[in-house]
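Structure first, commentary second.
Bear in mind these aren't lab numbers, they're just calculated from the coordinates by the rules spelled out. Owing to the predicted nature of the structure, the values given are computational and were not obtained by experimental measurement. Every residue, glycine among them, receives a Cβ derived from its backbone with ideal geometry; neighbour counts consider all protein chains shown.
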Amino acid sequence: MKILKFKNKQKYKYTRKIIVKDLILLISVGIHQFEKLKKQNVKFNIEITTDPNLKPEIKTIVNYESIINDIKKLTKKTHFELLESLSESIFDEIFKNKKIKKIKLKIEKLEIIKETTSVGIEVTKTKI
């Protein structure tokens, strides 16, 4: 007699993201002397991929308000010459949370070149 096994378990593969869109902060950034003297508006867009295996509960979610506050604290106290160094500082801070697996970060200067709406960088970093 042959025993048949039925696959009744459904398995899913998915991602869970936290999104912060169009966060605009007045910060000190740039290599030019005038940028060191006067703060400028910079826009942040962030997608944070978290561990999808964690059940969504208050103690397991990543709070987007905390992410925003971390970026505000970082940018308030330091002048960054490069957007790239600012992005690395943001990655270092956000990745302190062990639930975070991947960060996609876009940073744009909004007023630096008058012929453009913005200029900036986009970087994606993943924990291995």
Counted neighbours (other Cβ, 10 Å), sorted fewest up, put THR78, THR126 in the order THR126, THR78
How long are the semi-axes of the equivalent ellipsoid of the stretch 50-91, defined as square roots of 5 times the Cα gyration tensor eigenvalues? Whole Å, largest first. 28, 12, 5
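Quick one: if you take sqrt(5λ) for each eigenvalue of the C-alpha gyration tensor of the chain, what semi-axes come out, biggest first, whole angstrom? Please report the intermediate quantities before stating the final value.
Numbers: eigenvalues 322, 43, 27 Å².
Ellipsoid half-lengths, sorted descending, are 40, 15, 12 Å.
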Within 10 Å of each residue's Cβ, count the other Cβ atoms and sort HIS79, HIS32 from fewest upward. HIS32, HIS79
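I need TYR12, TYR64 ordered by Cβ neighbour count within 10 Å, fewest first. Show your work: numbers first, answer last.
Values: TYR12 5, TYR64 14.
Fewest-to-most Cβ neighbours within 10 Å comes out as TYR12, TYR64.
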With 23 Å as the limit, write out which pairs from LYS39/LYS125; LYS11/LYS101; LYS38/LYS72; LYS76/LYS96; LYS11/LYS125 have Cα-Cα distances beyond it, or answer none. LYS39/LYS125; LYS11/LYS125
Whose amide H sits under 5 Å from the amide H of LEU23, counting only residues 5 or more places off or on another chain, with H placed in the peptide plane? PHE44
Pairing the Cα long axis of helix 64-77 with the longest principal axis of the chain, what angle in degrees results, from 0 to 90 and rounded to the nearest 10? 30 degrees
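So what is the relative contact order of the chain, in percent, for Cα pairs below 8 Å that sit 6 or more residues apart?
Numbers: 196 pairs, mean separation 33.1, N = 128.
About 26 percent, as a whole number.
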Using a Cα-Cα cut-off of under 13 Å, which aspartates and glutamates could be cross-linked to LYS109, ignoring same-chain neighbours fewer than 8 residues away? ASP22, GLU35, GLU81, GLU84, GLU122
